[in-house]
Amino acid sequence: MNSENIKMSAGILALNRIKKQQLKEIPDKLKPKNIDDAYKVQEQMHNLFQEINFGRRIGYKIGCTSPVMRQYLGINEPCYGGILNTGTNYISANKKFEDFVMPGVEIELAVFTNEDLIFHNETTINEIPVDKLTIFPAIEIVDNRWINYKNVDNNSLIADDFFSSEIILGNPVSLSKINNLDNLSGILSINNEQISDGNTKSIMNHPLNALIWLINSLQKKDKFLKQGEIVMLGSITQTKWVDKNDEIIASFSSLGDVMLKFT
């Protein structure tokens, strides 16, 4: 894609999100034809959001890191979108249902980086400085901005931030204090009824493998995770689409609860 088509494609997606509408598809001429173009459109969309004060990217969400989500979406590899400062909440949140198109919730872990994470070569789990990371239990609010997302190509989904909308982070815990990050149980409840449960091992066998995937993916583009950025590591259960007045609680063993209500 040339630079003008990238800008026009990003503009369509940005306007669609701002107006809280559902899009059938990106016009063929402006549709990203490969994954590199998809991320270029996504980055341009983030630039537009910052220019108009809609939000500034302060981190990343990673999608399709667990078998249940790969099967649900029919996508067999991870992909990432952005997290905006205007969509970041803490401990509990009340949200207006009308502020979303078709919201859903996911139970996740989030990582906060306490220093720049720069490596000269592809990194591995043994090289991650756990003492420089903070972990949070989290809820991701995803938003379906497509008339039928099952008919939308993967590159377009990535360009649109892969359903990214908002996040709610629970109480922070130093990652160095968690000895069993790859074996934490999580429960998602809606209106006091347990809807689903999962285990953090489902995130690429170890949640830090998702972080490593993102670090290595960014490095191929001469980018890196910066101090203060947040990374959502992917859902351990299938997305649950919600209704107005729903109350959601995400509970992680040893990490605590995160709460959300739609009004």
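What follows draws every value from the coordinates through simple rules; no lab data is involved. Computed from a prediction, not measured in an experiment: that's the story for all the values here. Because the Cβ atoms are built from the backbone with ideal geometry, glycine has one as well, and the counts that use them run over all protein chains shown.
Here are the numbers for the structure shown:
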{"item": "Separation of the S92 and Q22 label points, Cα + 7 Å toward Cβ, nm", "result": "3.2 nm"}
{"item": "From the C-alpha gyration tensor of region 98-149, square roots of 5λ in Å", "result": "33, 14, 9"}
{"item": "Restraint check, K201/K244; K19/K226; K29/K150, Cα-Cα greater than 28 Å", "result": "K201/K244; K19/K226"}
{"item": "Full-stretch length increase - V173, N199 - with 0.36 nm per residue and alpha-carbon distance subtracted", "result": "7.5 nm"}
{"item": "Volume per residue that the Cα convex hull of the chain spans, once the total is divided by residue count, Å³", "result": "115 Å³"}
{"item": "Shape metrics for region 133-195, restricted to C-alpha atoms - Rg then Dmax, Å", "result": "15.9, 44"}
{"item": "Theoretical gain in end-to-end length, Q71 to E4 [0.36 nm per residue, Cα-Cα removed]", "result": "20.6 nm"}
{"item": "S202, S92 arranged by Cβ crowding within 10 Å, fewest neighbours leading", "result": "S92, S202"}
{"item": "FRET E, pair N151, K221, Förster distance 35 Å, beta-carbon r, rounded to 0.05", "result": "0.75"}
{"item": "Separation between Cα centres of region 64-134 and region 2-47, rounded to whole Å", "result": "21 Å"}
{"item": "Exposure proxy order (Cβ contacts within 10 Å, fewest to most) of Y60, Y80, Y90", "result": "Y90, Y60, Y80"}
{"item": "Förster radius 22 Å - calculated FRET efficiency between T123 and K33 (Cβ-Cβ, nearest 0.05)", "result": "0.15"}
{"item": "Interatomic Cα distance distribution for region 72-111, bins of 5 angstrom, percent", "result": "5, 11, 22, 31, 16, 12, 4"}
{"item": "Separation of the I52 and D243 label points, Cα + 7 Å toward Cβ, nm", "result": "3.3 nm"}
{"item": "Eligible aspartates and glutamates near K96 by straight Cα distance, threshold 19 Å, same-chain separation 8 or greater", "result": "E106, E140, D143, E166, D243, D246, E247"}
{"item": "Contact order normalised by residue count of the chain, Cα under 8 Å, 6+ apart, percent", "result": "27 percent"}
{"item": "Mean separation of Cα contacts under 8 Å (6+ apart) over length of region 90-149, as relative contact order %", "result": "51 percent"}
{"item": "Calculated [θ] (222 nm, deg cm²/dmol) that DSSP helices of n ≥ 4 give over the chain, each run adding -39,500 (n - 2.57)", "result": "-7000 deg cm²/dmol"}
{"item": "Qualifying trypsin sites (Lys or Arg not before Pro) for region 136-239 [loop in DSSP, other Cβ within 10 Å: at most 10]", "result": "K220"}
{"item": "Euclidean distance of C-alpha centroids, region 160-181 and region 207-236, integer Å", "result": "12 Å"}
